[in-house]
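Nothing in this text is a laboratory measurement; each read-out follows from the coordinates by a stated rule. Everything quoted here is computed from the prediction, not taken from an experiment. Cβ sites come from the backbone with ideal geometry, for glycine too, and all protein chains shown count toward neighbours.
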Amino acid sequence: SQTIHQWPATLVQPVGSPLSLECTVEGTSNPNLYWYRQAAGRGLQLLFYSVGIGQISSEVPQNLSASRPQDRQFILSSKKLLLSDSGFYLCAWTPRRWRVNTEAFFGQGTRLTVV
Amino acid sequence: AQSVTQLDSQVPVFEEAPVELRCNYSSSVSVYLFWYVQYPNQGLQLLLKYLSGSTLVESINGFEAEFNKSQTSFHLRKPSVHISDTAEYFCAVKGTGANNLFFGTGTRLTVIP
């Protein structure tokens, strides 16, 4: 069966420090991978998605970047965190060819607090 | 482009009362519609989905949603809520040719004992 791992679960970082959140998927090949951010009172915002190694699409301009060094690994990064980067970050995956009977599968999330 | 509107950010309701969480979408193409539930400090779990066929879809824990194409709505309902239903609920839409899910801003359902 397929599983998705996301870590760390919680993170407190000072303003200006770097960030690296990791997400890995097991049990499937060639997934589409996604990073979402959930800010208080603002719902879920798609930040990045990837359809293959090295292929990253950015949905919103921001202080963050994403990379996909391996097929089932998706990394969210920042060189210098801002206070506004605080939020709950969710990684998700879907099959490459998203057929009608499938859904998006989410990790457990990382709560990032920038202080 | 697709978008989703959840008009109610918070819905308090007494235990065993009925509830409706509203969702409206806009899209220029055929869509698939989803409701996800998020319990505190957890990821999202699929609650139910509309792909095609019957416009009324049900979940295993008593929720149902009806796809209304003319009103572009996919409201979530439950005739009698439980304390354990307290969570945040997200409506989402996916265009048939798209790789992305677009989410609404969420509705926090609080069931009051």
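Quick one: putting +1 on the C-beta of Lys and Arg, -1 on the C-beta of Asp and Glu, what dipole do you get for the protein assembly as shown around its Cα centre, in Debye to the nearest 20? Please report the intermediate quantities before stating the final value.
Values: 17 positive and 15 negative charges, 139 e Å.
Computed charge dipole of the protein assembly as shown: roughly 660 debye.
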Among DSSP beta bridges lying fully in chain B, give the percent that are antiparallel, nearest 5.
85
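Considering only lysines 8 or more places apart in sequence, or on different chains, count the pairs in the protein assembly as shown whose C-alpha atoms sit under 28 Å apart. Write down the numbers at each step before the final one.
Numbers: B:K49/B:K69; B:K49/B:K78; B:K49/B:K94; B:K69/B:K78; B:K69/B:K94; B:K78/B:K94.
Lysine pair count for the protein assembly as shown: 6.
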Can you pull the mean other chain C-beta count within 10 Å for peptide B:19-30?
0
Would you mind telling me the antiparallel percentage of the DSSP bridges in chain A, rounded to 5?
90
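Can you order the peptides B:51-62, A:23-34 by their average number of other Cβ atoms within 10 Å per residue, highest first?
Details: B:51-62: 12.3, A:23-34: 18.1.
Output ranking for B:51-62, A:23-34: A:23-34, B:51-62.
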Listed residues B:Q10, A:P95, A:S17: farthest to the positive end of the dipole of the protein assembly as shown (Cβ charges):
A:S17
Using 0.36 nm per residue, how much length does the chain from A:Q73 to A:E22 gain when fully extended, once their Cα-Cα distance is taken away?
17.6 nm
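Over all residues in B:37-49, what is the mean tally of Cβ atoms on other chains that come within 10 Å of each residue's Cβ?
Working: counts 0, 6, 0, 0, 6, 6, 12, 12, 3, 4, 0, 0, 4.
Per residue, the average neighbour count from other chains is 4.
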Stokes-Einstein D in µm²/s, Kirkwood radius over Cα pairs - the protein assembly as shown at 20 °C with 1.002 mPa s viscosity
118
Simple spin-label estimate for A:A9/B:E15, 7 Å along Cα→Cβ, in nm, reads 2.7
In what sequence, highest mean first, do B:83-93, B:21-31, B:6-16 appear when ranked by Cβ atoms within 10 angstrom?
B:83-93, B:21-31, B:6-16
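Restricting to the protein assembly as shown, compute how many DSSP beta bridges are antiparallel as a %, nearest 5.
90
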What's log10 of I(q)/I(0) for chain B at q = 0.16, 0.17 Å⁻¹, Debye sum over Cα points only, no solvent?
-0.67, -0.76
With label points set 7 Å from each Cα along the Cα-to-Cβ direction at A:S1 and B:V29, the distance between them in nm comes to 3.2
